[in-house]
Structure formats: C-alpha cells, structure tokens
1. Sort 189, 95 by accessible area with a 1.4 Å probe, largest first.
2. Can you give the relative contact order of region 75-217 as a percent, counting alpha carbon pairs under 8 Å and 6+ residues apart?
3. Starting from the Cα-Cα distance between residue 160 and residue 196, subtract it from 0.36 nm times their residue separation and give me the gain in nm to one decimal.
4. Please give every one of the aspartates and glutamates within straight-line cross-link reach of residue 70, meaning a C-alpha to C-alpha distance under 12 Å, and leave out same-chain neighbours fewer than 8 residues apart.
5. How large, in percent, is the carbon and sulfur part of the accessible surface of region 80-126 at a probe radius of 1.4 Å?
6. So which helices of the chain fit the span-like rule, where a helix is a whole DSSP H run, its Cα atoms reach 18 Å or more along the axis, and its mean Kyte-Doolittle is at least -0.5?
7. For the cross-link pairs 105/140; 79/196; 63/140; 140/196, which exceed 32 Å when the distance is taken from alpha carbon to alpha carbon?
8. Rounded to the nearest 0.05, what FRET efficiency do residue 32 and residue 109 give with R0 = 45 Å and r taken as the Cβ-Cβ distance? Could you check?
Amino acid sequence: LKIDGDATPDGPRYKGCGNSWGVNSAAWVTGRIHRWDLAHGGRGIRTYATVCSGVEAQTLALKAERIDAKAVFFSEIEKFPCRVLAHHYPEVPNLGDMTEIFYDKLNGVITNGKTSINYDGHLDLFSGGTPCQDVSVAGKRRGMQEGSGTRSSLAFAFVRLCDELRPQWILWENVPGVLSSNGGADFRLFLGQIGKLGYSVAYRTLDVQFTRVDEFP
C-alpha cells in the first residue's frame, strides 16, 4: 500500500486495520440508526464526527449504506492512520488526541487549542471505538475505571465529549470482554454515565464474519 507515493510497512498497516472496526458491522448498525431516525420524523444522519478514527471505518460504513453525511472532524494520533486520513479526507480536520478536544460554547467552536471548527450545536452521529486492551480477555484486564490511567479508560473521555457535543446519536464500539471487565462493573459505570446524559441505551454483540450488508460501493 502506498500513501502519497510512499510504501507503508506491513506492521503499521496491520495495526491500523486491527485497531479498526469491521466495516460491515459498523454499516449494519449505522444503517439501522439512519432508517429508524427517518421513520420516526428525524432527518437521519447528515453530520457525524469520530474519535479513535483509525482508517475511518465509520465513513466507509456510511458509504456502504448510501448515506450522504458530512464529517465534522476526526480524532486520531497513530501515524499510519493519520496519513490515510490526510490522503483520503484532506478536507476533514483531524483534531488528534481526543482528550484535548473540547467544545468552546462561548465562541461556538470545537477545538483542540490549535484548530477550531465552527459548531452550531447539532451533530447527528458521534462514534468511536476507544482502546480495548485493558478490557480484552486477551490482555491483563486492568479495566477501564475512570481516572485509572489505563488506555481503556479513554471511554470516559468519550463520555465527556458526548456531554459537551450532545449528538443526536452515539455509537460506541468495543470488544466483548468489556461486558465482563471487573465483573461487569466497568461497563455498568459507562452505561450509567451515558444514561445520566439523558440518552437511552441499547447494546449488542456482533460477529463481524457473520454480519452482512447488501452491497459495498
């Protein structure tokens, strides 16, 4: 694979793909959100933003479902995915570290302190798959307790951004191990904080190899 003419070693490519969502699973969920919203008087997904954006499976999922939506911003720090995003989506700001992003309501902008994006307070979909290493059954299971400093505790930075941006829909992805991390306490706390923001919550385990969408463009 070449990005901007430079060949990329296999290691960063595998890491970028391995840390990403399965596009067909993302499309399966995204399409159902979009159609439900339209059927119940909403406008569907017209704008979206992502964190832990990777190589941007969420964008590919929207395209697979033929949903014409505008990306407000991405958030990614790994070098290879950042190059992929800059190559394919040069018009979309990559705000980098999600912990540095905040909504400056006074000035009506989303900013990381360096780049600012005008924000009218309406975002249809906010999605991200925060790090899974500390909740995965393949790891040491250090958990994702808020303030613990584990990589998986970035889930609560995701909650903070949900609180500030107040999107119409939230889509959060992680590994099945999150359901049993710390005896289920981690996931329960995460869901509780999302619920306190006023959102209804539903979750489902999907096996990417058995999740299908009708057709990819």
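1. Working: 189 75, 95 5 Å².
Output order, biggest surface exposure first: 189, 95.
2. Values: 173 pairs, mean separation 25.8, N = 143.
After rounding, I find 18 percent.
3. Values: separation 36, 0.36 × 36 = 12.96 nm, distance 1.16 nm.
Result: 11.8 nm gained on full extension.
4. List returned: 91, 124.
5. Details: 1240 of 2520 Å².
Taking all protein chains in place, region 80-126 shows 49 percent carbon and sulfur surface.
6. Details: long enough: 23-39 (24 Å, -0.05).
Qualifying helices: 23-39.
7. Details: 105/140 39 Å; 79/196 35 Å; 63/140 36 Å; 140/196 30 Å.
Beyond 32 Å between Cα atoms: 105/140; 79/196; 63/140.
8. Working: r = 32 Å, r/R0 = 0.71.
Efficiency at R0 = 45 Å is approximately 0.90.
The values are calculated or read from the model by the stated rules, or taken from the named source; none is laboratory data. What you are looking at is a predicted structure, and each value in this text was computed from that prediction instead of being measured. Please note: Cβ atoms are built from the backbone with ideal geometry, for glycine as well, and neighbour counts cover all protein chains shown. Just the protein is used for accessible areas: all its heavy atoms, side chains included, with ligands, DNA and RNA removed. Shrake-Rupley method; radii C 1.70, N 1.55, O 1.52, S 1.80 Å.
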